[in-house]
Amino acid sequence: MRFSNTVQRLEGSGYKSWDVHMRARQMKAEGADVLMLTIGDPDFETPPSIVNAAFESIRSGRTHYTRAEGEPELRAAIAAHHAQTGGQPITAANVAVVPGAQCGLYTAAMTVLQPGDEVIIPEPVYSTYEPVVGATGATPVFVNLSPASGFHLDPDALAAAVTPRTRAILVNTPHNPTGAMLGPDEVEALADICLRHDLWLITDEVYSHFAYDRPHLSPANLPELADRAVVISSLSKSHAMTGWRLGWVIGPEPFIAHVGRLLACMLFGAPPFIQDAALYALSHEVAEAEAMRQQYGARRALVCQTLTDAGPITCRAPEGGIYVLLDVRQTGMSGYEFGHLLLDKTGVALLPGQAFGSTLSGFLRISLTAPDADIQEACRRIHEFGSSL
Ligand SMILES: Cc1ncc(COP(=O)(O)O)c(C=O)c1O
């Protein structure tokens, strides 16, 4: 039987790197002493007050269809949250609720891209961007970021990548996996390119809660981008709610109107009790969210202190996010080779940087989403292994 061109375009190029993770999972299932620092799924539980809000909602009968673009109260709360966290003042009409930022990315791509378009994306790149853009028939145009610049944008390289087919720029800040955060100059440069060439600017901000040394900065804060800036975020990481599938897309009203129709085709509304839990999370001080942020910060410090002088391997503190990049370029091994060897010799599983593109072929990603004791022990083993090389 024949399959559509759409699904055949879904295979991204970084999937092979996940076999370290698969092998580690298998080894663990067979009883081996394996420490998994591969996946970005918080080890924390969702705060109990949010869980209670969901149960109360279910008990009160909130178990029926909802509006495709989300419940008005939640959309308004997301709009308020956006403004409180430095964004432009917006209203519920600028917000659509989606089941997670991943669905937000897909929805945004389907709303603004079509076959033949090009989308400029800095690389290293979060693994799903390539297939998401590919699904629309558009082509991702990757612009490599350099480790030497801390993986910050090179405005000239971005501008040079623009062609008459370019329709959008897609960026992620704080960035997974490099931890780089857009600074004021980068935001200005992005705005300038998008205005000059009439492009959409799509920003994935799922890690905005985790900015360590300076506040998170979104390009959508610039008023001149109001009719072309799209922001995608979720509660997955900030509130340890990955499995709840609750995120949002923010954009100009005509954009959201299209998103609403698309969501009516795809989804028919996110579950109301999940939306009620999200409303609770966004309209209350949830102390655990701040405590988790601080704990990730402490884990970041622990990893970076332990792994700065470990033979030929090194790491640099990320500006934001919940990952640390391990730099193994001086070992002469690729991240992929190092990842398999590290797993065999120490039982520590990290994600080879190739999962995010060739720029990171000499790196691995350490996820900070494991219990402190596991991270401490993993760092001890990595340090010992690195020093032995
Ligand atoms: C950069 C980035 N964007 C989007 C997502 C998807 O997040 P969500 O769980 O909200 O769909 C992730 C998940 O790890 C991510 O790292």
* How big is region 239-389 on each of its three principal axes, counting only the C-alpha atoms and giving the largest first in Å? -> 57, 35, 26
* Rank Gly31, Gly134, Gly251 by mean-square fluctuation in a GNM of the chain with C-alpha springs under 10 angstrom and give only the top-ranked residue. => Gly31
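Hey, what did the chain get for relative contact order, percent, Cα under 8 Å, at least 6 apart? Mind showing how you got there, number by number?
On the way: 809 pairs, mean separation 100.1, N = 389.
Contact order relative to length: 26 percent.
Could you give the length gained by full extension between Arg214 and Glu384, i.e. 0.36 nm per residue of separation minus their alpha carbon distance, to one decimal place? Numbers along the way, then the final one.
Details: separation 170, 0.36 × 170 = 61.20 nm, distance 3.29 nm.
So the extension gain works out to 57.9 nm.
Can you give the extra length, in nm with one decimal, that the chain gains between Thr85 and Thr128 once fully stretched, where that is 0.36 nm per residue apart less the Cα-Cα distance? Intermediate results must be reported in sequence, preceding the final value.
Working: separation 43, 0.36 × 43 = 15.48 nm, distance 2.62 nm.
Here the answer is 12.9 nm.
Please find the FRET efficiency linking Thr6 to Asp372, where r is the Cβ-Cβ separation and R0 is fixed at 56 Å, and quote it to the nearest 0.05.
On the way: r = 43 Å, r/R0 = 0.77.
Once rounded, the FRET efficiency stands at 0.85.
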* **region 328-389 - Rg (one decimal) and Dmax (whole number), Cα, Å** => 11.3, 32
* To do: In Å³ and rounded to a whole number, note down the convex hull volume per residue for the Cα atoms of region 1-104.
  => 264 Å³
* For region 159-270, what size does the Cα cloud have along each of its three principal axes, sorted from largest down, in whole Å? -> 39, 37, 24
* Pick from His197, His340, His21: which residue has the top mean-square fluctuation in a GNM of the chain where Cα pairs under 10 Å get a spring? -> His197
* To do: Just round it to a whole percent: the fraction of Cα-Cα distances in region 48-283 exceeding 25 Å.
  => 38 percent
* Structure fact -> From DSSP H assignment alone, runs of 4+ in the chain each adding -39500 (n - 2.57), the sum over residues rounded to the nearest 500 puts [θ] at 222 nm at -12000 deg cm²/dmol
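Each value in this text was obtained by applying a stated rule to the coordinates, not by laboratory testing. As the structure is a computational prediction, the values presented were derived from the model and not from experiment. Backbone-built Cβ (ideal geometry, glycine too); neighbour counts: all protein chains shown.
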